[in-house]
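Inspection log for the structure reproduced underneath, given as structure tokens.
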């Protein structure tokens, strides 16, 4: 009886805290929003992670689930928009594959000039065939045995040779994942060209909500070039075999064993999808994590201490916590395959119409006080399950294991340096240029 009464009081107190936090967030949003409006910086204001966090805090407390007739998403066919912000509802949407489907298939088929890639597939034979075959080619043990040691050596060399001044995007955060595609994937191509192709094609597939016709034209041209390159690389490797333990060779070995899905076309399409998901994601996540640490002197000092002591697990926890506050992607979207309900039998229950795009706010889910302990504190002892960085469920990023190893490996040599700091002025801020991805980020340290 006493336990039940205690739980009731705890629940009431928790709700009061949530409402208090959300009301304060609303006050700040109104005040700072008016300031941004007066200064003509409204768009930049709402792109800030802190602003988005405050918006989600208000929504979680008062309107956790929203259904609209308006079509926010223009790139994929839909009948409207829904937003879910509570952690339990976000995970529910991402787990219900029969009710909420991935939508990337049509654009993926345009990039491959025909076939889908497994990130755009629903559960079924094609998905199982392709993911199973590619997991035989890209073995989990490769990360510790091949990928991470190479990344660590290269990142260390780059930082050591920088002389205390470094533009980390072209020099480090793009260079290391590109090198991985060259040495481990076996299809790196020309460095700058591959970096440009994969960045634009990732943007086109996953982040072009407005269906920009100029981007569409660029993506079609670059996808054609990437297909031609991959077709040529596969033919060249078959004509001149090597013994390198890379993904391309493993795919060709599977082809020789008549593994389903490992035709030349299947290999090309799977490699195309992996390339698009590898280079820009690792680079952007590395920059965002470091940017957040630089904004937090105490966390930066703690991360540097862990890096210098080679406490790699603790150092990585700093990186993931930084990405919780400054995420690569604040929402994951799905489309309703039929009329259904989110959070049924609750006061926040929401009917979702067939065809609606549902934005599952993973950024919001990582700050839901009902499920996350001390959500507004920077903590380095959180369980991995608290984070939703690379998606969730069946369609978690195929390269999540690589990302989890490589991103801290890229950043560690930098964090070991003395007096690590931003370069003066705007150069010390992330410059995305005309894209949604970092192009430049200048840092300095004492040598």
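Report, to two decimal places, the Cα Rg of the chain normalised by 2.2 N^0.38 Å (N = number of residues).
Rounded to two decimals, the normalised Rg is 1.01.
Shape verdict for region 203-248, please, from the Cα gyration tensor: rounded (a/c under 1.5), prolate (a/b greater than b/c) or oblate.
Numbers: a/c = 7.52, a/b = 2.59, b/c = 2.90.
Because a/c hits 1.5 or more and a/b fails to exceed b/c, region 203-248 counts as oblate.
Work out the FRET efficiency for residue 183 and residue 16 from their Cβ-Cβ distance, taking R0 = 60 Å, and round it to the nearest 0.05.
The calculated FRET efficiency here is 0.65.
Between residue 153 and residue 235, what is the label-to-label distance in nm when each label sits 7 Å out along the Cα-to-Cβ direction?
That separation, rounded to one decimal, is 3.3 nm.
Report the label-to-label distance for residue 385 and residue 301 in nanometres (one decimal), using points 7 Å from each Cα along the Cα→Cβ vector.
About 3.4 nm separates the two model spin labels.
Please report Rg over Rh for region 330-447, where both radii come from the alpha carbon positions and Rh follows the Kirkwood definition.
1.07
Assuming R0 = 56 Å, can you tell me the calculated FRET efficiency for the pair residue 161 and residue 341, based on Cβ-Cβ distance, to the nearest 0.05?
E between residue 161 and residue 341, to the nearest 0.05, is 0.45.
Extension gain residue 66-residue 50, at 0.36 nm per residue separation less the Cα-Cα distance, in nm?
Details: separation 16, 0.36 × 16 = 5.76 nm, distance 2.10 nm.
Gain in length upon complete extension: 3.7 nm.
Just to be sure I understand: with springs between alpha-carbon atoms less than 10 Å apart, which residue in 138, 336, 257 has the highest mean-square fluctuation in the Gaussian network model of the chain?
257
Using only the Cα atoms of region 354-395, what semi-axes does the equivalent ellipsoid have when each is the square root of 5 times a gyration tensor eigenvalue? Give whole Å, largest first.
24, 13, 7
Divide by every residue of the chain the summed helix terms, -39500 (n - 2.57) for each DSSP H run of at least 4, and state the resulting mean residue ellipticity at 222 nm, rounded to the nearest 500 deg cm²/dmol.
-17000 deg cm²/dmol
Residue 110 versus residue 128, label points 7 Å from Cα toward the beta carbon: distance in nm?
The two pseudo-label positions are separated by 3.2 nm.
Based on alpha-carbon centroids, what's the gap between region 274-313 and region 100-149 in Å, whole number please?
First find each Cα centre; the distance between them is then 26 Å.
Would you work out if region 38-109 is rounded, prolate or oblate? Take a ≥ b ≥ c from the square roots of the eigenvalues of the alpha-carbon gyration tensor; rounded if a/c is under 1.5, else prolate when a/b is larger than b/c, oblate otherwise.
Values: a/c = 2.16, a/b = 1.35, b/c = 1.60.
Taking the square roots of the gyration eigenvalues as a ≥ b ≥ c, region 38-109 is oblate.
Considering the alpha-carbon set of region 219-305 alone, what are its Rg and its Dmax in angstrom?
19.1, 55
Taking N as the number of residues in region 247-386, what value does Rg over Cα atoms divided by 2.2 N^0.38 Å take?
Normalised Rg, Cα atoms only: 1.44.
Mean-square fluctuation check for the chain, GNM, Cα pairs under 10 Å: which of 63, 84, 159 is largest?
63
Which of 58, 72, 358 moves the most in a Gaussian network model of the chain with Cα springs under 10 Å?
Answer for the Gaussian network model of the chain: 72.
Computed from the coordinates by the stated procedures, all read-outs in this text should not be read as laboratory data. The model shown is predicted, which means the values in this text are computed figures rather than measured ones. Positions of Cβ are generated from backbone atoms using ideal geometry, with glycine treated the same way; all protein chains shown enter the neighbour counts.
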